[in-house]
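These notes concern the structure reproduced below.
The values are calculated or read from the model by the stated rules, or taken from the named source; none is laboratory data. Quick caveat: nothing in here was measured; it's all calculated off a predicted structure. Every residue, glycine among them, receives a Cβ derived from its backbone with ideal geometry; neighbour counts consider all protein chains shown. All accessible areas refer to the heavy atoms of the entire protein, side chains included, with ligands and DNA or RNA removed. Shrake-Rupley method; radii C 1.70, N 1.55, O 1.52, S 1.80 Å.
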Amino acid sequence: ANVVITAYWPFVAYDPLWVYGYNARIFVLEERIPDEMGYYPQLLPLAYTYLQQAWGGINDHAARVVIPWLNVTLVLMAYVLGWRVFRSRRVGLLTAAIWSFYPHFAAWYAAGDLEIPLTLYLTGAAAFFVEAWRSERIRLAVISGMLLGGALWTKPTAGALVLGVMLAVAAWAIIVRLRWRALWPKLRIALAAGLATVPLGGMWYARNLALGHTAVVFPASYWNDLAQRSGQEFGWPLLLAALIAGGMLAAPPPGLRDRSRRVRIGLPLLALALLLLGIVPTAVNWPHIFEGDNLWQWARGDYWAGWRLHLFDWLLIAAGSGVLVWLGAGVWRAWPRERRITIGLLWALLLPYALVWFLRFSYHYRLSFAIVPLLIVQAAALIDGWLWPWLAARRIGRWAGVAAVIAACGLALAVGLEFSVKHWRDSDLPDDRAKYDEANPALMAVVHMLERYAEENGQPVVAIPGEDRLPFFFPTWDIRNDRAALPERVQDVAEADVFFDSSVYNYLLGKAGLHPNPLTAQVQIGLDYYRLQVPGGDGARWPTVLQPLPLHPDGSPTVDDGNFRYTAFAVRPEAKTAAMRPGGRREDEVIIGGFARFIGYDLVSLDWYRGDKTFLTIYWQPTEQAPPPQDYSVYIHLLDANGALIMSWDGEPLRGAYHTRWWEPGESLLDYRVLELPADLPPGPASLRIGLYDPIENRRLPVVIDGAAGGDGLTIDNRITVH
């Protein structure tokens with residue numbers, strides 16, 4: 001299944017499209033790692049690169065040949081972990097089997113993500129470090145360090161294992177009460193592993209510093225806000241607790257053997273119940289879990305948790321854990337010292353990574369892969385220690401074991417194959433282009449639109465802030481997708497031919513506190529004026545700075561697949577100063593509030609009909625004075641023949657999108673208004689008066705006409721008749 005799925009699909013997952021597969025394409029084209037590249041270490045992209053070089057050119061399937069080998073090697077390393085840590089090939093086989101059929105791994109193994117090689121190297125580093133610690137053999141510590149170097153050459157989060165080693169040494173120092181003779185052998189093992197790590201593990205980071213980059217690149221802080229921190233992240237510890245409680249029921253520990261049957265059964269079940277009550281409510285989004293295929297998505301790991309753990313949940317988890325520890329204290333003391341050291345080492349090595357993942361990166365299950373084998377191996381030891389023998393001793397237990405194995409394998413295969421089987425059966429994806437379209441429909445609409453644009457106009461400069469995947473499809477194009485310097489004004493994208501507003505861009509703006517801004521205002525204006533077909537003074541459509549381009553097959557400029565949304569625009573910076581030709585041009589100079597020059601207006605008709613609507617265009621031009629520090633609104637008043645107010649329309653300029661604090665001197669601003677006329681509007685002659693006012697203080701701004709005070713408003717037309 002692993003090989004077939006990997007061969008069938010090209011790169012379609014987000015991260016491989018963004019960096020690993022894309023970097024490999026750059027390496028193949030340039031035959032080197034470019035100096036300006038300072039992101040994560042390049043072990044996985046280089047693996048993809050070498051296989052494409054062997055093929056003789058860029059080819060997703062040639063690159064992806066490496067993926068099954070990494071997956072199979074990781075399964076074998078899980079076996080090595082169980083065999084080395086618990087000195088039992090049976091535990092090794094169980095560890096490898098559980099990892100192989102772990103549904104989340106099955107759902108992810110074809111993606112080509114670096115979490116797989118990272119897990120491979122960290123699993124090996126932990127396995128050999130535990131054995132080196134127990135045997136105090138330097139050779140094993142060196143092997144562990146070399147494997148940790150491979151992990152650090154894959155992703156910087158592998159450094160959490162270094163913290164785990166430091167935690168183990170610190171704990172041992174406390175245990176031996178800082179006696180140097182007892183501490184030095186363990187410290188020597190840690191130092192040997194560290195020295196063996198440095199050549200490979202430190203190479204990329206030293207290279208970054210030498211080239212002037214940041215040594216270590218960590219994900220942006222906004223990812224931390226997405227961390228779930230829910231009961232969903234406690235799946236493996238809960239399984240371990242269930243196996244421990246089950247072992248206590250099958251073979252009561254010394255503290256329970258002399259108790260009544262009710263106590264022997266009740267206390268382990270109480271501990272498990274407390275843990276379940278603390279973990280399960282937040283692990284599942286209960287109000288929606290049974291809607292559509294949400295339950296299936298949850299089994300795959302793709303469905304969001306209910307909510308974050310609260311204090312009461314933590315208290316329940318602490319209480320359940322405390323009861324288990326209290327019940328198992330006698331068993332723990334009875335275990336051989338080496339076994340206690342082994343379990344302690346495993347937890348010391350995994351805890352730093354687990355805490356960082358839970359607190360900062362628990363927005364996706366795959367980011368926990370690196371420590372999952374260290375939890376699985378403990379589950380495998382418990383299964384081998386009591387569950388399998390207990391089931392084997394009972395006729396029905398053997399059938400239960402068979403059923404459990406079949407169910408686990410069936411679920412894993414279903415999860416792994418589900419996305420592909422439909423297309424194999426229907427044969428509806430004849431080539432890689434169709435597969436890209438199926439997996440990333442909105443993004444591929446962007447790709448196809450740009451291909452058409454390039455055929456008609458030549459290769460464009462593309463501004464698509466925050467969208468990391470597009471360069472994969474156009475590795476040699478000038479694509480401006482920086483997430484650090486997000487564009488906020490038209491000037492920031494003026495050199496681009498095409499600009500894409502997107503859900504990713506708007507999310508990043510929101511996290512940075514930069515939304516809304518003048519550029520997003522131009523997005524809204526461009527869309528609104530395109531939809532309303534707003535005319536200019538000469539009857540032609542008014543040019544907007546961002547001119548919508550057809551992106552969706554139906555001709556609309558927006559495409560949305562439920563995950564990502566994009567809107568395409570041609571960038572026309574010259575429209576900022578487009579010629580204004582109002583029908584009702586003012587020959588005198590009218591300045592309102594010191595910053596807004598009134599150029600003129602257009603009215604579709606002077607005959608207005610009750611219950612209908614009419615259209616008013618106001619032409620503004622900001623003066624050379626700096627824009628005001630606050631936002632003002634426009635008022636439009638309809639007055640009867642006696643000057644009494646009979647109707648008003650208020651709102652910020654340019655359909656509420658372009659705030660006055662963003663106005664820039666010399667801009668051409670066409671303020672298009674759709675005026676709804678109520679059915680009870682009094683008939684007769686009327687005049688139209690406009691002005692600007694402070695909506696907070698309800699204070700109108702002064703009007704100056706040819707340098708003389710003109711009151712707080714301007715009558716622009718007194719020839720209107722309401723019918």
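With a point put 7 Å past each Cα toward its Cβ, work out how far Ala251 is from Glu587 in nm, to one decimal.
It is 10.7 nm.
Using alpha carbons only, how many angstrom separate the centre of the stretch 142-214 from the centre of the stretch 509-527?
Using only Cα atoms, the two centres lie 46 Å from each other.
Do you know the relative contact order of the stretch 450-581, to the nearest whole percent, from alpha carbon pairs under 8 angstrom that are 6+ apart? Mind dumping the intermediate values first?
Numbers: 204 pairs, mean separation 29.9, N = 132.
Over the stretch 450-581, the number comes to 23 percent.
What FRET efficiency comes out for the pair Trp335/Ala403, r = Cβ-Cβ distance, R0 = 35 Å, nearest 0.05? Mind dumping the intermediate values first?
On the way: r = 31 Å, r/R0 = 0.89.
That pair, Trp335 with Ala403, gives E of 0.65.
To the nearest 10 square angstrom, what accessible area does Ser221 show with a 1.4 Å probe?
We get 90 Å² for Ser221.
Report the calculated FRET efficiency for Asp706 and Leu413 (r = Cβ-Cβ distance, R0 = 60 Å), to the nearest 0.05. Walk me through the numbers on the way to the answer.
On the way: r = 83 Å, r/R0 = 1.38.
FRET efficiency, Asp706 to Leu413: 0.15.
What's the ranking of 597-607, 397-407 by average number of surrounding C-beta atoms within 10 Å, highest first?
Packing proxy ranking, top to bottom: 597-607, 397-407.
Nearest 10 degrees, 0 to 90: what angle lies between the long axis of helix 159-175 and the longest principal axis of the chain (Cα atoms)?
50 degrees
Okay, helix-only estimate at 222 nm for the chain: each DSSP H run of n ≥ 4 adds -39500 (n - 2.57), divide by all residues, round to 500 deg cm²/dmol; what do you get? Intermediate values should be presented prior to the final figure.
Details: 26 runs with 352 residues, N = 723.
Computed mean residue ellipticity for the chain: -15500 deg cm²/dmol.
For Val198 and Ala171 in one chain, what is 0.36 nm times their gap in residues minus the Cα-Cα distance, to one decimal in nm?
7.3 nm
Quick one: which of 351-362, 572-583 comes out on top by average Cβ neighbours within 10 Å, and what's the full order, highest first? Don't skip to the end; give the middle numbers.
On the way: 351-362: 18.4, 572-583: 15.0.
The peptides rank, most packed first, as 351-362, 572-583.
Taking the Cα atoms only, what angle lies between the long axis of helix 89-100 and the longest principal axis of the chain, rounded to 10 degrees?
So the helix axis and the longest Cα principal axis differ by about 10 degrees.
Suppose R0 equals 35 Å; then what is the FRET efficiency for Ala54 and Ala215 from their Cβ-Cβ distance, rounded to the nearest 0.05?
Numbers: r = 32 Å, r/R0 = 0.92.
That pair, Ala54 with Ala215, gives E of 0.60.
Which entry is the computed P(r) over Cα pairs in 20 Å bins from 0, in percent for this structure: (i) 14, 35, 31, 18, 3, 0; (ii) 18, 55, 27, 1; (iii) 14, 37, 27, 17, 6, 0?
So the structure-derived entry is (iii).
In the stretch 106-140, which trypsin sites (Lys or Arg not before Pro) are in a loop and have at most 15 other Cβ atoms within 10 Å, using DSSP for the loop call?
Numbers: sites: Arg134, Arg137, Arg139; in loops: Arg137.
Passing both the DSSP loop test and the Cβ count: Arg137.
Relative to the present Cα-Cα distance, how much length would full extension add between Asn642 and Glu291 at 0.36 nm per residue of separation? The partial results should precede the final answer.
Working: separation 351, 0.36 × 351 = 126.36 nm, distance 6.26 nm.
Additional length available on full extension: 120.1 nm.
Hey, got the dipole for the chain? About the Cα centre, +1 on K and R Cβ, -1 on D and E Cβ, debye to the nearest 20?
Numbers: 62 positive and 65 negative charges, 1246 e Å.
The dipole magnitude comes to about 5980 debye.
Determine the share of the chain's accessible area contributed by carbon and sulfur atoms, expressed in whole percent, with a 1.4 angstrom probe.
On the way: 19830 of 32790 Å².
About 60 percent, which is the carbon plus sulfur part of the accessible surface.
If amide hydrogens are placed 1.01 Å from N in the peptide plane, which non-local residues have theirs closer than 5 Å to the one on Glu589?
Here the answer is Asp706, since their amide H atoms fall under 5 Å of that of Glu589.
Could you give the length gained by full extension between Ser687 and Asp258, i.e. 0.36 nm per residue of separation minus their alpha carbon distance, to one decimal place?
Full extension from Ser687 to Asp258 adds 144.6 nm.
Please calculate how many Å² of accessible area the chain carries per residue, with a 1.4 Å probe and no DNA, RNA or ligand atoms counted. Don't skip to the end; give the middle numbers.
Working: 32790 Å² over 723 residues.
With all protein chains present, the chain gives 45 Å² per residue.
Order 672-681, 322-331 from most to least packed using the mean count of other Cβ atoms within 10 Å.
Values: 672-681: 13.8, 322-331: 16.1.
So the peptides 672-681, 322-331, ranked by packing, come out 322-331, 672-681.
Enter the accessible area of Tyr102 (Å², nearest 10), with the probe set to 1.4 Å and all protein chains included.
For Tyr102, solvent-accessible area is about 20 Å².
Where the eigenvalues come from the Cα gyration tensor of the stretch 333-408, what are the semi-axes √(5λ) of the equivalent ellipsoid, largest first, in whole Å? Spell out each step's value before the answer.
Numbers: eigenvalues 175, 84, 9 Å².
Each semi-axis is √(5λ); the values are 30, 21, 7 Å.
Filter the GluC sites (Glu not before Pro) in the stretch 109-198 to those in DSSP coil with at most 16 other Cβ atoms within 10 Å of their Cβ, and list the result.
Values: sites: Glu115, Glu131, Glu136; in loops: Glu136.
Answer by residue number: Glu136.
Any idea which of Ser362, Ser321, Ala579 is furthest toward the positive side of the dipole for the chain, if Lys and Arg beta-carbons carry +1 and Asp and Glu beta-carbons -1?
Farthest towards the positive pole: Ser321.
Quickly work out the Asp607-to-His448 label distance, labels modelled 7 Å from Cα along the C-beta direction, and quote it in nm with one decimal.
Distance between the two pseudo-spin positions: 4.8 nm.
Taking the simple approach of a point 7 Å from Cα along Cα-to-Cβ for both Ala679 and Arg87, what is their distance in nm?
With each label placed 7 Å out from Cα toward Cβ, I get 9.2 nm.
Quick query: amide H of Ala596 versus all other amide H atoms, modeled in the peptide plane; which residues come in under 5 Å with a sequence gap of 5 or more or a different chain?
HN-HN under 5 Å from Ala596: Thr623.
Counting only residues 5 or more places away or on other chains, whose amide H sits under 5 Å from the amide H of Tyr609 once H atoms are built in the peptide plane?
Long-range HN contacts for Tyr609: His723.
Could you tell me which trypsin sites (Lys or Arg not before Pro) in the stretch 1-107 are loop residues by DSSP with no more than 12 other beta carbons within 10 angstrom of their beta carbon? Before the final figure, lay out the partial values.
Values: sites: Arg25, Arg32, Arg64, Arg84, Arg87, Arg89, Arg90; in loops: Arg32, Arg64, Arg87.
Taking the stretch 1-107 and a limit of 12 other Cβ atoms within 10 Å, the loop trypsin sites (Lys or Arg not before Pro) found are Arg32.
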